[in-house]
Amino acid sequence: MGKLYGLLGHPVAHSLSPLMHNDAFKDQQLPYHYQAFDVEPSQLKQAVVGLKALGVSGFNVTIPHKVEVMKYLDAVDEEAKIIGAVNTVVNENGTFIGYNTDGRGYLQSLLTIANDLSDKHVLVVGAGGAARAIVTVLSQHETKTLTITNRTKGKAELLADECRRKTAIDIVSLAQAAENIAGYDVIINTTSVGMSPNIDDIPLSLEHLKESAIVSDLIYNPFKTKWLHIAEEKGATIHNGIGMFVGQGALAFEKWTGIRPDLKRMEEVVIKHLGGK
Ligand code: ATR
């Protein structure tokens, strides 16, 4: 039987989620459809109530509704509660359960290039919503050390406190992080610095970066930020925001269908749409 999935956001016209999910449904020969809905913040509650009345099987939630939507769900999973945001909702026998697949989706993608993080010094740049998803998940994953740097240091401290990691999370200033950049094996930019149209900005100096480092930027517009260009010139391995986008989508797909989709194919569909690397 056909099933309907959706996306609630504002705006959503440029979202690549419908393309990615509808292609994955086709690939798995599932007669399902994914539809984006542009919902004004003032209409969010009515939209969620409406989706339930219609028996929609699940949906994604994007900017600006990820925090607000939690109020209108029947339950929210523990990790999503810690992150403080929901990006995926599953209709489980008529109840709407909220999850957050951003952090885990990102981690799965990062692990395809980093293999093992237990021997790595990891630095997260930023302490906003995206950093929260990533630090929450990294806190539960073994890394040699985990450090956060942010323009506003207090926000990094707050995030570290809330993540309740077994071992301490270090907080350093942007200047200290830049000075000690050679001490980190994996460096992740979660800020919007470098995103189009401000493509000449970089979030952190990479002057002393070591060649063996992995530099990961959550931004995928542009595809390769100036920061990633610099990292690549220094011989580092780079990882862009497509990984997180596809990773979160693949985990949502799995929650909805019980099937692990073809990640490579999902990535190719998105990259092709964006005009290649
Ligand atoms: P998101 O939900 O996308 O993470 P956010 O919650 O607004 O967005 O967080 C944005 C992050 O980018 C923050 O870490 C922010 O730093 P502050 O906490 O100091 O505001 C960081 N950021 C945004 N613009 C920046 C800039 N020009 N320079 C340095 N950091 C910046």
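What follows is calculated from the coordinates using simple rules that are stated; it is not laboratory data. Note that this is a predicted model, so its numbers are computed, not measured. Neighbour counts are summed over all protein chains in view; Cβ atoms, including those assigned to glycine, are modelled from backbone coordinates with ideal geometry.
Per-structure values
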| item | result |
| --- | --- |
| Residue-by-residue Karplus 3J(HN,Hα) for segment 169-176, coefficients 6.51, -1.76, 1.60, Hz, glycine and proline x | 9, 7, 10, 10, 6, 4, 5, 5 |
| Base-10 log of normalised Debye intensity for segment 109-159 (one unit scatterer per alpha-carbon) at q = 0.15, 0.29, 0.30 Å⁻¹ | -0.40, -1.17, -1.21 |
| Over segment 45-202 - Rg/Rh using Cα atoms and the Kirkwood inverse-distance radius | 1.03 |
| Lysines whose Cα lies under 30 Å from that of Lys272, excluding same-chain neighbours fewer than 8 positions away | Lys3, Lys26, Lys66, Lys224, Lys226, Lys234, Lys255, Lys264 |
| Candidates Ala236, Ala182, Ala13: whichever shows maximal mean-square fluctuation once the chain is modelled as a Gaussian network with Cα springs under 10 Å | Ala13 |
| FRET efficiency, 1/(1 + (r/R0)^6) with R0 22 Å, evaluated for His14 and Glu92 via beta carbons | 0.15 |
| Loop-resident sites, segment 173-220, for GluC sites (Glu not before Pro), counting at most 12 other Cβ within 10 Å (DSSP) | Glu207, Glu211 |
| Sites Ser205 and Asp38, calculated FRET efficiency, Cβ-Cβ separation with R0 30 Å, nearest 0.05 | 0.15 |
| Å³ per residue enclosed by the Cα convex hull of segment 209-255 | 62 |
| Kirkwood-based Rg to Rh ratio, segment 5-58, C-alpha trace | 1.01 |
| Rg over Rh [alpha-carbon atoms, Kirkwood Rh] for segment 135-252 | 0.95 |
| Residue-by-residue Karplus 3J(HN,Hα) for segment 24-30, coefficients 6.51, -1.76, 1.60, Hz, glycine and proline x | 5, 4, 4, 4, 8, 6, 9 |
| Spatial extent of the chain: Rg and Dmax, with the Cα atoms as the point set, Å | 18.7, 58 |
| Choice from Leu44, Leu19, Leu111 showing the highest fluctuation, given a GNM over the chain with Cα pairs closer than 10 Å | Leu111 |
| Whole-Hz couplings from phi, Karplus 6.51/-1.76/1.60, listed for segment 46-51; x for Gly and Pro | 4, 5, 5, 4, x, 4 |
| Long-range amide H partners of Ile219 with built H, under 5 Å | Gly241 |
| R0 of 30 Å, Cβ-Cβ distance Asp170-His229: FRET efficiency to nearest 0.05 | 0.60 |
| Paramagnetic reach from Ile259 in segment 16-46 [backbone N under 19 Å; point 7 Å along Cα→Cβ] | 17-35 |
| Computed label-point distance, nm, for sites Leu30 and Val67 using a 7 Å Cα→Cβ extension | 3.1 |
| For segment 82-148, alpha-carbon Rg relative to the globular expectation (2.2 N^0.38 Å, N residues) | 1.26 |
| Solvent-free Debye scattering, log10 I(q)/I(0), computed from the Cα coordinates of segment 1-106 at q = 0.11, 0.15 Å⁻¹ | -0.31, -0.59 |
| Gain in span if fully extended, Ser212 to Asn198, counting 0.36 nm per residue against the direct Cα distance | 2.3 nm |
| Distant-in-sequence amide H partners of Lys3 (H built 1.01 Å from N, under 5 Å) | Tyr32, His33 |
